[in-house]
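Novice: The structure is given below, and queries will be raised subsequently.
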Amino acid sequence: MDQASARQETARQEKDQSWLKEQLRIGMGGGRFPADSWLRQDALAELYGVSRFVVRGALERLSEAEAIEHVPHRGYRVRRWSHQERLELTEARLVVELAMAPLMMARRTEALMEPVRQACAQFEYAASKGDGEAMFLSNHAFHRALAVLAGNRQLADQVNWLREQGMRGAGPGWPKAGGVERSIREHYAMVEAIDAGDVLGLQGVVQRHLTAWQERITR
């Protein structure tokens, strides 16, 4: 293989690894690969139609990002957040997202609200079908669209990064204690508060939304 071909092959493999990494992240967020489950290279290669080399590269990237953990002589396992880590992440999100609410009210436009409404409806539809991965994607689309309303890319990037850290390890989620139905209600309540220009109402819903997991694990 000449140098040009070698470079093309390397680029293709890196692209495949990036693609698979994202698919695995979606799988973890959507419940296909729950916390503490093992990620077997042969099974993943067959499931996604890629080589073991691509699988290994994607798993190494996820391990570096602490989404999964490498257990010597056993393989890769989906990491679970500790209770303290989840508390700290929730606290950080609350600080940023509650502070963004006034900016979202001041800078919202109907054009910016349309993606919020669409993602809200898509999440509800995915939930009605029991499609965990589609729920995961539409939930993130909803919250990303909300962050855009603030009109500040730095804040939006920060809140998106904080939220997506939750993909690193699963804990009590939507299926428990009516979590899906509650998330749907709270999504629509956020839209209603924004439409009404109710900053305090929006902040209240956001706080309940972000801390719901704490209620589920104490029941």
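Novice: Treating the angle as unsigned and between 0 and 90°, give the value, to the nearest 10°, between the Cα long axis of helix 3-30 and the longest Cα principal axis of the chain.
Specialist: With both axes taken from Cα atoms, the answer is about 50 degrees.
Novice: Rounded to the nearest 500, what is the 222 nm mean residue ellipticity of the chain from helices alone, with -39500 (n - 2.57) per DSSP H run of 4+ residues and division by all residues?
Specialist: Numbers: 9 runs with 161 residues, N = 219.
Only helices count here, giving -25000 deg cm²/dmol.
Novice: Read phi for every residue in region 124-140 and hand back ³J(HN,Hα) as whole Hz from Karplus 6.51 cos²θ - 1.76 cosθ + 1.60, θ = phi - 60°, with x for Gly and Pro.
Specialist: Listing the rounded values in order: 4, 5, 4, 5, 5, 8, x, 8, x, 6, 5, 4, 4, 5, 6, 5, 5 Hz.
Novice: Modelling each spin label as a point 7 Å along the Cα-to-Cβ direction, I'd like the R56/L98 distance in nm, to one decimal.
Specialist: With each label point 7 Å from Cα toward Cβ, the separation is 4.8 nm.
Novice: Provide, for q = 0.15, 0.19 Å⁻¹, the log10 of I(q)/I(0) from a solvent-free Debye sum over equal Cα point scatterers in region 1-130.
Specialist: Each listed q maps to, in turn, -0.95, -1.11.
Novice: For the chain, I need the span (max minus min coordinate) of the C-alpha atoms along each principal axis, in Å, sorted largest to smallest.
Specialist: 63, 45, 32
Novice: Accessible area per residue of the chain at 1.4 Å probe, in Å²? Working shown, then result.
Specialist: Working: 11810 Å² over 219 residues.
Averaged over the residues of the chain, the accessible area is 54 Å².
Novice: I'd like the carbon and sulfur percentage of the solvent accessible area for region 1-83, probe radius 1.4 Å, heavy atoms only, ligands and nucleic acids excluded.
Specialist: Summing carbon and sulfur atoms, their accessible area is 46 percent of the total for region 1-83.
Novice: Can you tell me the 0 to 90 degree angle between the C-alpha axis of helix 199-218 and the longest principal axis of the chain, rounded to 10?
Specialist: For helix 199-218, the angle is close to 50 degrees.
Novice: Which residue fluctuates the most in the chain, going by a Gaussian network model with Cα springs under 10 Å, if the choices are G132, G201, G49?
Specialist: Sorting by GNM fluctuation, first place goes to G49.
Novice: In whole Hz and in residue order, list the ³J(HN,Hα) couplings for region 70-75 that follow from phi through the Karplus curve 6.51 cos²θ - 1.76 cosθ + 1.60, θ = phi - 60°; x for Gly and Pro.
Specialist: 9, 9, x, 6, 10, x
The values are calculated or read from the model by the stated rules, or taken from the named source; none is laboratory data. Owing to the predicted nature of the structure, the values given are computational and were not obtained by experimental measurement. Heads up, the Cβs are rebuilt from the backbone with ideal geometry, glycines too, and the neighbour counts pull from every protein chain shown. These area figures cover heavy atoms from the full protein model, side chains too; ligands, DNA and RNA do not enter into them. Shrake-Rupley method; radii C 1.70, N 1.55, O 1.52, S 1.80 Å.
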